[in-house]
Amino acid sequence: MFPFINTNPLQKISQNLRHDLLDMVYKNGGHIGGSLSSIDLITTVYFGNLFNLKKDHFILSAGHLAPALYTVLANAGYFDKKLLDTYSNFTSILQGHISTEVPGVNYSSGALGQGLSFSCGLALGDPKHTTICLTSDGEHQEGQIWESLLFAKKYKLGNLINIVDFNQFQIDGSVSEIMPLDNLAAKYIQFGWTVTTVDGHNFNQIISALKKAVETRHGAYPVCIIAKTTVGKGISFMENNFKYHDVKKLSESLYNQAKSEL
Amino acid sequence: MINSIRQSFGDTLTKLAKNNKNIFVVNADLKSSLFLNDFAKKFPRRFIECGVAENNAAAVAAGLAQTGKTVFLTSFACFSPAINWNTIKQSICYNNSNVKIIGSHAGLMSTDLGATHQMLEDLALMRSLPNMEVFSPLDALETEKIIKTISFSKKPAYIRLVRPSTQNLFDPKFDFTIGKSHILQSGKDITIIGHGPILEEAFQVQAKLNLDNKYKKISLEIINCSSIKPLDTFTILKSVKKTGHLICLEDHQKNGGLGEAVASLILTNNFSCKFIHLAVDNSFGRSAKTYQELYNYYGIGVNDLLSAVTSLLVKERSGLSGKRILK
């Protein structure tokens, strides 16, 4: 295996996005841990030239990952980047959890487990285009996720892709400790989905999995991409530390350390 | 003449779907109960069966609506909106999706099914949600008119249906308009406001009054408040200003029901009147073979309404009346 660093142009984009994300959360707080684990995935969806997001749909089911999506949308030109400084302020359109008030956002979310069902409805109603949903691993503790897995299989939603940000942490600790998902891939297979597991920080792997999913979109099987990621990715003291699920206030020294590490 | 509200819903929707290709049904395993067999047979690709999974169904409906469809989400009220309230809040209301939630078997009218199925809290759940409109049809004919009207609207809506066949009360000359109430009978002494087939009791009470020498000059103003949200402020206030007495009658919990909405409306408008709210008072339902047995047990039967009417009249005569405080 070649080291993936600098082998893909998306790497550079995502590095810049991490800076924006950190600045945003330093100013106003926010769910940074999962945002850092998922941002490479969202970056690939928006900048990987795989989708036409005027027609294809991206649904962020894990609405607390708003900082990651807002950062991506601002850099993709959906709204003025300066707005990122106003995140979750009273006068800002950038709501704490993802909201359709923000240009480019297709679905308001915050309560977990609903976005995949919503994506099923979209995929069913718009069979000519691809619907990409991003869920978190902890979110799979919600029963509704499993209702939607049954549904997507029954209705043969080959144009539906669910990317799971599998970072193994949730707000109170590790997923395996709080409510283990055990072999998630096996469960998806059992539910009749096509499953690929990738390194969620390796752009070549993410692109290749998404490409394959797009190629099979006229088929009968919805696709799940389990992206193994690291919570807090890129900032050493945040990595694999569930205390950084949500940051209220980051000290100046930690901010400077984080900046230098990025 | 009696007719089925549920059948009216199923038949109307099937008729509408013939000309409106955007109408979809997202169902949670209650197709037969909602008279949708014909819809499913005629439009199999527009009939989406989710099984017993009301949360998924609600968000699937919202996702479908985002692709330009008018989606009817069909189940019993005790499951939808009861089980899937947060999905309705987030995926349907906050996302402002064109989803019409059909909650059947509402109220004590689901009789023998008992407490778990007698949904007495649906209006409380749905009234509280921003963007949501709430309707409770009087009879089969009004059900048809409501379903037709809302099929042209893009907003989320909740429509409360009941299980048994019920008396026809709606005047065919009327049209249903969102936010409008209908005065079914004009009167001068007491306003009786309610929603759904229970309003038939008001006519029975009027008939009883007519036969009584002491009360035969008493006339009730009977208002069909099928548009629970938005409320018809004008009609309600005008009537209460005229009569000075108000009884709200409903097959629902007092908490969160129409009575609270109307009471709040009256106080907010600096008005006061003598008010009795006849509704289920902080209790669960129970099984019975007829809803009349249950209505009597829970204090919302014909005799309860008659007692409420006469108690207001007696107080009026003995000087204890709630005459208008502010005009």
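The values are calculated or read from the model by the stated rules, or taken from the named source; none is laboratory data. Just so you know, these numbers come straight off a predicted model, no measurement behind them. Here Cβ is always computed from backbone atoms with ideal geometry, including for glycine, and neighbour counts include all displayed protein chains.
Given the condition assigned to a helix (DSSP H, G or I), at pLDDT below 95, under 24 Å from residue A:97 (Cβ atoms) and under 17 Å from the mean Cα position of the chain (by Cα), answer yes or no: does some residue in region A:246-256 qualify? No. For residue A:201, the criteria (1) out of contact with any Lys or Arg (no Cβ under 7 Å at 6 or more places or on another chain); (2) assigned to a loop (DSSP other than H, G, I, E, B); (3) under 27 Å from residue A:50 (Cα atoms) hold in every case but one, which is (1). For residue B:67, the conditions (1) within 11 Å of another protein chain (Cβ to nearest Cβ); (2) closer than 20 Å to residue A:123 by Cα; (3) touching a residue at least 12 places away in the same chain (Cβ under 8 Å) are fulfilled apart from (3). Of everything listed in (1) part of a helix (DSSP H, G or I); (2) more than 21 Å from residue B:5 (Cα to Cα), the single unmet condition for residue B:129 is (1). Checking each residue in region B:137-155 for being touching a helix residue (DSSP H, G or I) at 6+ places or on another chain (Cβ under 7 Å) and assigned to a loop (DSSP other than H, G, I, E, B) picks out B:137, B:138, B:139, B:151.
Looking only at residues of region A:140-165 that are within 13 Å of chain B (Cβ to nearest Cβ) and charged (D, E, K, R), we find that the one that is nearest to residue A:179 (Cα to Cα) is A:142. Residue pairs whose Cβ atoms lie under 6 Å apart, sitting 6 or more positions apart in sequence or on different chains, and linking a residue in region B:188-215 that is within 13 Å of residue B:107 (Cβ to Cβ) to a partner that is of a type in the set (Gly, Ala, Ser), are B:195/B:136; B:195/B:226; B:196/B:136.
Considering region B:49-64, and only residues there that are closer than 20 Å to residue A:57 by Cβ and more than 7 Å from chain A (Cβ to nearest Cβ), the residue that is surrounded by the most Cβ atoms within 10 Å (Cβ to Cβ) turns out to be B:58.
Against the conditions (1) surrounded by 19 or more Cβ atoms within 10 Å (Cβ to Cβ); (2) farther than 23 Å from residue B:69 by Cβ; (3) basic (Lys, Arg), residue B:160 satisfies every one except (2). Would you say residue A:121 is in contact with a helix residue (DSSP H, G or I) (Cβ under 9 Å, 6 or more places away or on another chain), within 8 Å of chain B (Cβ to nearest Cβ) and either buried (at least 24 other Cβ atoms within 10 Å of the Cβ) or part of a loop (DSSP other than H, G, I, E, B) (or both)? So residue A:121 passes the test. Selection of strands (runs of 3 or more DSSP E) fully inside region B:1-110 by the criterion of at least 1 residues being within 30 Å of residue A:97 (Cβ to Cβ) returns B:23-27, B:47-49, B:70-76, B:99-104.
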